[in-house]
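The structure under discussion appears below in the form of structure tokens.
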Amino acid sequence: MIKNISNLGDAAVYCDFGNDVNKEINSKVINYFQSLKDSKFEGITNLTPSYNKLIVSFDLSITNFEKTKKIIENLEIKKNHNISKKKLQIPVCCEDEYALDLKKLEKKLNKPTDEILDTFFSKEYFCYMTGFIAGMPFLGDIDKNLHAKRLETPRVKVPKGSIGLTEQFCNIYTFESPGGWNIIGNTPLNVFDSLNEDNPNLINPGDTVSFIKINKEKYKKYYE
Amino acid sequence: MSENFFKVIRAGINTTFQDLGRNNLNHIGIPISGVMDKRNYIIANKILQNVTSHPIIEFAYQGPRLVYHGDPLNISVSGDVKFKIFKHKNEIEGKCYETITLEDHDEIDLISTNKSVYGYLAIGADLNLDYQWKSCSINTKANIGSNKGKKLQDNQKIEVSNIKELSRRKLDYINSKIENIRVIKGTNFHYFSKESQAKFFKKEYSVTKLTDRMGMRLEGERLDNIINTNIKSEGLVKGVIQIPADGNPIIMLADHGTIGGYPKIATVISADFDKLSQLTPGSKIKFKEVNLKDAETIFKLYEMETNNIISKIL
């Protein structure tokens with residue numbers, strides 16, 4: 001199922017599942033990820049699944065590329081482990097002060113704000129992976145009519161809770177961070193909770209997210 | 001029972017508690033973190049006979065000034081660090097790589113690192129720190145780790161307990177300088193023109209000021225991408241060199257983002273991380289290609305060398 005296995009530096013195995021991004025390939029990545037995670041092989045220090053790749057990092061003091069590659073090649077893939085399949089609703093306020101790039105997006109997409117937002121709020125989104133920063137979900141797939149490039153100059157600081165769009169994906173900035181996605185709103189929900197060590201991420205790969213539009217009054221109530 | 005603690009008079013520029021970091025959390029976006037210069041971290045702790053994973057104070061460029069209150073306690077400083085000890089109004093020039101005994105009201109001023117970035121202050125006692133995912137390492141961007149995920153603050157206290165026996169130990173050691181950064185070709189090496197591939201190994205790159213615990217930005221001959229300046233976002237590891245559209249390399253360091261979408265031209269080998277992290281802005285570096293087998297051998301040598309250095313602590 002893995003198309004190509006190579007090394008990424010001297011302390012990681014790079015598993016390539018193909019170039020396309022779709023749920024089928026991603027579910028293969030998640031299956032490998034879960035099976036390896038459950039098997040707890042000594043020396044493996046990190047597993048980083050993404051749309052169509054899985055990176056397996058290891059401790060070079062304990063093991064090496066060849067040994068880790070063999071583990072991956074001989075891995076028994078279980079399909080019925082506990083992949084998260086929650087359905088979540090995320091409230092989003094798209095009023096001016098939170099929708100930092102909506103005006104620019106109107107021009108980029110040549111569509112009025114109402115149409116952009118109606119399209120965005122009408123669909124459910126699948127969580128392919130989390131990362132870049134802690135807990136950030138990469139959600140897809142957004143409607144073709146909303147595909148836009150990243151900002152030409154990325155922001156140094158994107159506010160916590162910002163909802164961003166780029167190409168076929170949307171995401172939620174779990175805390176203030178640099179970033180270049182087109183910001184169309186903000187959620188008052190805490191999507192990453194570092195104090196909850198067992199379950200810090202609200203959204204996990206395999207989950208489905210729908211966004212619910214709220215006004216500023218309702219947004220502010222979350223903080224009361 | 002008396003209370004033993006340090007009080008922070010001046011926190012320094014980028015002072016954090018660190019250990020070996022936290023594993024198995026990349027998939028939720030949490031990087032390993034941990035000390036930048038592992039060898040200097042291990043040595044500072046071994047001088048005090050601390051265990052390898054003992055928490056340490058890491059600082060960059062300028063360290064903290066601390067006053068100590070309590071029963072006599074040993075500390076050690078590693079790296080290339082200029083520092084002073086104040087004992088009853090006597091000012092003593094500090095020496096790295098040896099035990100220093102602090103008594104009630106003594107002060108230590110970690111003034112600066114010399115032509116390097118990171119220095120370490122190890123303490124011969126337990127530090128009463130909060131742990132997150134079994135590590136005290138602070139990731140200031142995500143506010144994870146001890147000290148509420150924040151850098152050391154002026155006026156805060158650092159409580160210690162279980163003070164160790166005050167034996168005297170020292171090591172003759174000089175940090176060696178690096179000439180080349182050894183790398184293994186990356187998964188997207190072929191994204192770059194033949195000319196750029198050659199430039200990457202022939203030309204010098206300089207370390208810019210936009211370098212921190214997350215990444216090291218370099219400047220030099222622009223590397224031309226002939227396939228695509230973006231890839232589908234995928235996992236990163238420490239040492240990966242990404243090339244964004246502007247053609248300047250960025251090397252992933254301890255607190256790096258776990259996922260990235262720029263092509264990977266190469267990855268720095270594990271044995272060179274310590275020396276890489278000590279390169280100050282303006283330093284020139286050259287990349288040298290090694291294959292995987294060589295990198296594994298070089299790593300074994302690096303580990304043997306570290307053990308050999310530790311064995312010379314007297």
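The values are calculated or read from the model by the stated rules, or taken from the named source; none is laboratory data. Computed from a predicted structure; not experimentally measured. Methodologically, a virtual Cβ is constructed for each residue, glycine included, from the backbone with ideal geometry; neighbour enumeration extends over all protein chains shown. Keep in mind that these areas ignore ligands, DNA and RNA; they rest on the heavy atoms of the full protein, side chains included. Shrake-Rupley method; radii C 1.70, N 1.55, O 1.52, S 1.80 Å.
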Of all residues making up segment B:234-243, the number that are open to solvent by 10 Å² or more (accessible area, probe 1.4 Å) and within 7 Å of another protein chain (Cβ to nearest Cβ): 1
- prompt: A:Lys28 is checked against (1) modelled with pLDDT of 95 or more; (2) within 30 Å of A:Thr119 (Cα to Cα) and fails just one. What number does that condition carry?
  reply: (1)
message: Please go through segment B:1-56 and give me each residue that is in contact with a strand residue (DSSP E or B) (Cβ under 6 Å, 6 or more places away or on another chain) and part of a helix (DSSP H, G or I), ordered by number.
response: B:Asn26, B:His27, B:Ile28, B:Asn40, B:Tyr41, B:Ile43, B:Ala44, B:Asn45, B:Ile47
field: Failed criterion for A:Phe58 (all others in (1) farther than 30 Å from B:Leu292 by Cα; (2) open to solvent by less than 50 Å² (accessible area, probe 1.4 Å) hold)
entry: (1)
query: Looking at segment B:5-21, is at least one residue without any contact (Cβ under 8 Å) to a residue 60 or more places away in the chain, surrounded by fewer than 23 Cβ atoms within 10 Å (Cβ to Cβ), of a type outside the set (Val, Ile, Thr) and not assigned by the TED database to the domain that holds B:Gly215?
result: no
field: Selection within segment B:56-80 - within 30 Å of B:Gly239 (Cβ to Cβ) and open to solvent by less than 10 Å² (accessible area, probe 1.4 Å)
entry: B:Ile56, B:Ile57, B:Glu58, B:Phe59, B:Ala60, B:Gly63, B:Pro64, B:Ser76, B:Val77, B:Ser78, B:Gly79
- request: Would you be able to say whether some residue in segment A:3-23 is in contact with a helix residue (DSSP H, G or I) (Cβ under 6 Å, 6 or more places away or on another chain), at the interface with chain B (Cβ under 10 Å from one of its Cβ atoms), closer than 17 Å to B:Lys264 by Cα and open to solvent by 30 Å² or more (accessible area, probe 1.4 Å)?
  value: yes
statement: Checked against (1) part of a strand (DSSP E or B); (2) at positive phi, A:Gly206 satisfies every condition except (1)
query: In segment A:37-60, which residues are over 20 Å from the mean Cα position of the chain (by Cα) and either more than 7 Å from chain B (Cβ to nearest Cβ) or not in a loop (DSSP other than H, G, I, E, B) (or both)?
result: A:Asp38, A:Ser39, A:Lys40, A:Phe41, A:Glu42, A:Gly43, A:Ile44, A:Thr45, A:Phe58, A:Asp59
task: Out of the residues in segment B:278-295 that are in a strand (DSSP E or B) and surrounded by 19 or more Cβ atoms within 10 Å (Cβ to Cβ), state the one that is farthest from the chain's Cα centre (by Cα).
output: B:Phe287
statement: Within segment B:40-53, residues being touching a helix residue (DSSP H, G or I) at 6+ places or on another chain (Cβ under 8 Å) and open to solvent by 20 Å² or more (accessible area, probe 1.4 Å) number 4
query: Regarding B:Arg169, is this residue open to solvent by less than 60 Å² (accessible area, probe 1.4 Å), under 21 Å from A:Phe175 (Cα atoms) and among the basic types (Lys, Arg)?
result: no
message: Residues that are loosely packed, with under 13 Cβ neighbours inside 10 Å: list the strands (runs of 3 or more DSSP E) wholly contained in segment A:77-159 that include at least 1 such residues.
response: A:87-93, A:124-130, A:155-158
query: Is it true that some residue in segment A:114-128 is within 14 Å of chain B (Cβ to nearest Cβ) and either of a type outside the set (S, T, N, Q) or within 19 Å of A:Asn22 (Cα to Cα) (or both)?
result: yes
field: Restricting segment B:143-176 to residues that are in contact (Cβ under 8 Å) with a residue 60 or more places away in the chain and closer than 30 Å to B:Ser206 by Cα, the residue that is farthest from the chain's Cα centre (by Cα)
entry: B:Tyr173
query: Taking segment B:105-150 only, how many residues are assigned to a strand (DSSP E or B), among the small types (Gly, Ala, Ser) and open to solvent by less than 10 Å² (accessible area, probe 1.4 Å)?
result: 3
- prompt: Could we say that B:Ile163 is at pLDDT 95 or above, under 26 Å from B:Val268 (Cβ atoms) and among the aliphatic types (A, V, I, L, M) here?
  reply: no
query: Residue check: is A:Thr63 within 12 Å of another protein chain (Cβ to nearest Cβ) and closer than 24 Å to B:Ser233 by Cα?
result: no
query: Inside segment A:185-220, can you point out the residues that are more than 13 Å from chain B (Cβ to nearest Cβ), in contact with a helix residue (DSSP H, G or I) (Cβ under 7 Å, 6 or more places away or on another chain) and under 18 Å from A:Gly140 (Cβ atoms)?
result: A:Phe211
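A quick yes/no check of all residues on (1) open to solvent by less than 10 Å² (accessible area, probe 1.4 Å); (2) not in a loop (DSSP other than H, G, I, E, B):
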{"position": "B:Ala198", "(1), (2)": "no, yes"}
{"position": "B:Asn228", "(1), (2)": "no, no"}
{"position": "B:Ala245", "(1), (2)": "no, no"}
{"position": "B:Ile251", "(1), (2)": "yes, yes"}
{"position": "B:Leu276", "(1), (2)": "yes, yes"}
{"position": "B:Thr297", "(1), (2)": "no, yes"}
{"position": "B:Glu305", "(1), (2)": "no, yes"}
{"position": "B:Ile309", "(1), (2)": "no, yes"}
{"position": "B:Leu314", "(1), (2)": "no, no"}
statement: Counting only residues in segment B:253-274 that are at the interface with another protein chain (Cβ under 10 Å from one of its Cβ atoms) and touching an Asp or Glu at 6+ places or on another chain (Cβ under 6 Å), the one most open to solvent (accessible area, probe 1.4 Å) is identified as B:Ser270
task: Would you confirm whether any residue within segment A:127-138 is more than 29 Å from A:Lys28 (Cβ to Cβ) and touching a strand residue (DSSP E or B) at 6+ places or on another chain (Cβ under 6 Å)?
output: no
- prompt: Taking B:Asn24 and the conditions (1) open to solvent by 60 Å² or more (accessible area, probe 1.4 Å); (2) touching a Phe, Trp or Tyr at 6+ places or on another chain (Cβ under 8 Å); (3) over 23 Å from B:Asn4 (Cα atoms), which numbered condition does it fall short on, given that it satisfies the others?
  reply: (2)
task: Identify, from the list B:Asn139, B:Asn175, B:Asn147, B:Asn143, the residue that is at pLDDT below 95, closer than 30 Å to B:Gly29 by Cα and not assigned by the TED database to the domain that holds B:Leu253.
output: B:Asn143
